[in-house]
1. What whole-number value in Å² describes the accessible area per residue of the chain for a 1.4 Å probe?
2. To the nearest 20 Debye, how big is the dipole of the chain about its Cα centre, given +1 on the beta carbon of each Lys and Arg and -1 on that of each Asp and Glu?
3. With every protein chain left in place, what is the accessible area of Trp172 in Å² (1.4 Å probe, nearest 10)?
4. Assign unit charges at the C-beta atoms only (+1 for Lys and Arg, -1 for Asp and Glu), then state the dipole size of segment 1-46 relative to its Cα centre in Debye, rounded to the nearest 20.
5. Counting only pairs 8 or more places apart or on different chains, how many lysine pairs in segment 1-112 have C-alpha atoms closer than 30 Å?
6. Using alpha-carbon pairs under 8 Å, 6+ residues apart, how would you state the relative contact order of the chain in percent?
7. Return the distance in nm (one decimal) between the two label points of a simple spin-label model at Ala334 and Ala43, each offset 7 Å from Cα along Cα→Cβ.
8. Treat every Asp and Glu Cβ in segment 80-150 as -1 and every Lys and Arg Cβ as +1, leave all other atoms uncharged, and give the resulting dipole magnitude about the Cα centre to the nearest 20 debye.
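The values are calculated or read from the model by the stated rules, or taken from the named source; none is laboratory data. Note that the coordinates shown come from a computational prediction; the quantities given were computed from them, not determined experimentally. Quick reminder, even Gly has a Cβ in these numbers, built from the backbone with ideal geometry, and neighbours come from all protein chains shown. Remember, those area values only see protein heavy atoms, side chains included, never the ligands or the DNA or RNA. Shrake-Rupley method; radii C 1.70, N 1.55, O 1.52, S 1.80 Å.
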Amino acid sequence: MKTVLLLGGGGCQKNGAAKAREKGLNVVVADYLPDPPAARLAAAHVRASSFDTAACLAAAREHRVDGVFTLGTDQPVLTAAAVSEALGLACPITPRTALAVTNKRVMKEVFRAAGIPTVRWKLVSAATGPEELRGLRPPLVIKPLDSQGQRGIFKVQSAGGALEKLPETLRWSREKEALVEEFYPSDEVTVSAWVEQGRATLLTVTDRLLYDDPVHIGVCTGHRFPSVHMGRAAELDGLCQRICAAFGIEAGPLYVQVLVGAEGILVNEVACRVGGAFEDVTIPYLTGFDILGAVIDQCLGRPVDTAPLRGFDCTGVQKEAAVPLLFCRPGFLAGQTPLEELKRLPGVLEAGYNYRPGDRLEAVENATARYGWAVVAGPAGTVRGRLAAFYRALYARDEAGRELVQRTDVFAGAAL
């Protein structure tokens with residue numbers, strides 16, 4: 001029996017462990033937490049950060065793994081590429097490409113060299129003065145170069161404000177610099193694609209809806225397909241081909257976040273992974289392509305079945321999908337809807353909680369405050385009603401019986 005090392009054991013990686021087991025594989029999970037959800041499906045759990053290349057390499061050697069993979073998380077992509085290269089294992093991208101899609105300094109330099117449109121930006125450090133940011137128009141956004149989950153990202157009104165936030169931003173980084181960008185009023189759109197022989201096939205174009213906070217920006221409250229910007233799929237396709245060429249992406253998953261506003265489409269970020277909004281569930285439903293199974297086959301050097309992608313056009317899909325990412329008001333969780341009840345609802349493909357009764361729910365500052373999630377799907381025209389039924393059934397209450405869930409209509413982008 002072959003063994004795979006799964007980097008990360010959170011809710012976004014649980015399906016990775018399940019899929020690997022379904023394929024008859026032995027699963028080892030690397031995660032620093034004592035009891036991550038994916039580890040319950042694994043043969044072994046190594047208490048190591050998925051960011052820690054040396055520790056993950058040692059675990060891979062100890063368990064004699066045949067492949068390394070991750071999904072739904074940014075930074076372990078670099079770890080997977082480095083460990084695979086060190087052990088001579090299959091990997092769709094090189095460590096050089098992996099660094100470029102996980103470190104925003106390198107990423108932005110690739111954008112600049114290739115002429116890929118992005119927001120205006122500068123690097124800052126403890127030695128930077130406000131005058132050095134004069135070329136950027138406020139408001140501004142400061143973010144770490146090498147973090148994830150919207151940790152350490154702040155919207156500020158001035159260069160001085162960005163520099164005031166620098167120490168807090170660097171708390172979430174291994175770097176001594178941070179990225180400051182102009183804030184671009186826009187819609188956020190994500191493109192998921194599969195790359196084969198250097199060419200990307202677009203699988204989904206989705207709207208990425210955001211938590212309404214003037215400071216802690218970028219926290220996603222849900223995804224919806226089809227995007228309201230589906231009419232720009234051809235433009236997005238061309239952009240993805242340019243990205244593959246610029247970053248040297250020859251094969252595997254591609255995940256691109258873009259900003260659509262008055263200045264056109266600007267690329268926010270590029271990643272070589274399955275997205276963290278449960279695209280491993282929505283993509284097979286919408287396209288017939290098992291993207292998670294393909295990632296696992298690829299890390300083992302097996303051929304990938306891309307037959308469902310021949311002639312595929314995401315603009316012709318006659319299905320919808322909504323992925324509400326749930327958040328709550330602060331408080332102690334006393335009771336919640338049983339998951340089995342939610343999963344029995346029409347169109348609910350999957351659902352999960354990140355908190356249990358007795359846990360403390362914190363204020364929303366980044367994606368780590370996410371309470372739970374669901375995937376609601378169906379034929380075109382059905383999902384709005386199915387999502388409303390899901391919210392009617394959903395509750396999360398404190399000891400006084402007060403409702404804590406913050407409801408968002410993913411298809412309208414407005415509060416219910």
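1. Working: 17200 Å² over 416 residues.
Value returned for the chain: 41 Å² of accessible area per residue.
2. Details: 46 positive and 46 negative charges, 58 e Å.
Computed charge dipole of the chain: roughly 280 debye.
3. Rounded to the nearest 10, that gives 90 Å².
4. Working: 6 positive and 3 negative charges, 42 e Å.
Magnitude of the dipole: close to 200 debye.
5. Values: Lys2/Lys14; Lys2/Lys19; Lys2/Lys23; Lys14/Lys23; Lys14/Lys104.
Here the count comes out as 5.
6. Values: 940 pairs, mean separation 54.6, N = 416.
Relative contact order, the chain: 13 percent.
7. 4.6
8. Working: 10 positive and 5 negative charges, 64 e Å.
For this selection, approximately 300 debye.
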